[in-house]
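Some notes on the structure that comes next.
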Amino acid sequence: MYSIPESFESKRLLIRAPIWNDGIKVNEAVKESKEELRPWMPWAKNIPTVEESEVSIRRSRLQFLERSDLRLLLFLKGTDELVGSSGLLRIDWQARKFEIGYWVRTSYANQGYITEEVEAISSFAINELQANRIEIRCDDRNERSARVAERLGISLEGTTLRNEKCDVDGSLRNTMIFSKFEEWNFSKTVDSTNG
Ligand SMILES: CC(C)(COP(=O)(O)OP(=O)(O)OC[C@H]1O[C@@H](n2cnc3c(N)ncnc32)[C@H](O)[C@@H]1OP(=O)(O)O)[C@@H](O)C(=O)NCCC(=O)NCCS
C-alpha cells in the first residue's frame, strides 16, 4: 500500500485531509452557509453543533486513513480560512472510480474556488490514484453544481436518472451524472488494492 498525500495545492488553495479539531472551523462555515446548503445537502437540514461537526471530522479522518472516503478541506493558501469542503467519495478501488462532492462557504461563493479545487482534485485522482473514472452526481435542479462540472469539461453522461432518490424534503428527485474517464485504461487489468 503506497501512501496517499495528505495535502496538495491549487493556485489559491491548500487542499488537505481533515485533522482533529477542524470541526470548529467547519461548523462556522456551515452555519454561515446554511441557507445555500439546505436545499441540496440532506445533512444541513439540521445545523450541527460544534461537537457534531467535530465528530464528523474525526470520522472523516478515520475514513481517510482506511481509504474508504477521502474527504478534503479547502483553505485559502497561507491562512486558516476555510473556503469549503470537498473530497473523493463512494470509491471503488477495483475499478478506480471516484465521486467528487463539494460545497462552498457562502462568503467565498461565485469566485471560482470550487471549479479550481475540482480541477485540482481530478488531477490528483488521475495522477496519484490512477483514477479510471471521476463522477459528479447532482440533483437536476442544482444549476450551480452542474455549471462546475460543465466548466471543467466533465460531461453529462447519458440520461438523467428519474426518481433516483429523495431530496431534503422527502420528495423524489432526478439525478444527473457527469463524468470524466481515462480512455487509455479500458483495456488495462485493474489493480484491486486500495493503494
Ligand atoms: C455548487 C456550489 C459549490 C457552486 O459554487 P460556485 O460558487 O457557483 O462555484 P465556483 O466557486 O466554481 O464559482 C463559479 C462562479 O464564480 C465566477 N467566478 C468569479 N471569479 C472567478 C474566477 N477567478 N475563476 C473562475 N470563476 C470565477 C464564475 O463565473 C462562476 O459564476 P457563474 O456560474 O455565475 O458563471 C455552491 O453553489 C454550493 O455550495 N451549493 C450548495 C451545496 C451543493 O449544492 N453542492 C453540490 C452538491 S451536488
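Values as computed for the structure displayed
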{"read-out": "Odd one out for residue 192, checked against (1) touching a helix residue (DSSP H, G or I) at 6+ places or on another chain (Cβ under 6 Å); (2) modelled with pLDDT under 95", "value": "(1)"}
{"read-out": "Selection within the stretch 117-146 - more than 15 Å from residue 157 (Cβ to Cβ), away from the ligand (no atom under 16 Å from the Cβ) and crowded, with 17+ Cβ neighbours inside 10 Å", "value": "124, 125, 126, 129, 131"}
{"read-out": "Breaking point among (1) more than 16 Å from the ligand (Cβ to nearest atom); (2) farther than 18 Å from residue 89 by Cα, for residue 13", "value": "(1)"}
{"read-out": "Qualifying residue in the stretch 98-106 (condition: of a type in the set (A, V, I, L, M) and part of a strand (DSSP E or B))", "value": "yes"}
{"read-out": "Exclusive hit being surrounded by fewer than 17 Cβ atoms within 10 Å (Cβ to Cβ), more than 11 Å from the ligand (Cβ to nearest atom), within 19 Å of the chain's Cα centre (by Cα) and not polar (S, T, N, Q), set 165, 180", "value": "165"}
{"read-out": "Wholly within the stretch 7-96, helices (runs of 4 or more DSSP H) carrying at least 3 residues that are at pLDDT 95 or above and among the hydroxyl-bearing types (Ser, Thr, Tyr)", "value": "50-66"}
{"read-out": "Count - residues of the stretch 68-84 that are among the basic types (Lys, Arg) and within 11 Å of residue 17 (Cβ to Cβ)", "value": "1"}
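The values are calculated or read from the model by the stated rules, or taken from the named source; none is laboratory data. Bear in mind the structure is a predicted one, so any value in this text is a computation, not a measurement. Neighbour counts are summed over all protein chains in view; Cβ atoms, including those assigned to glycine, are modelled from backbone coordinates with ideal geometry.
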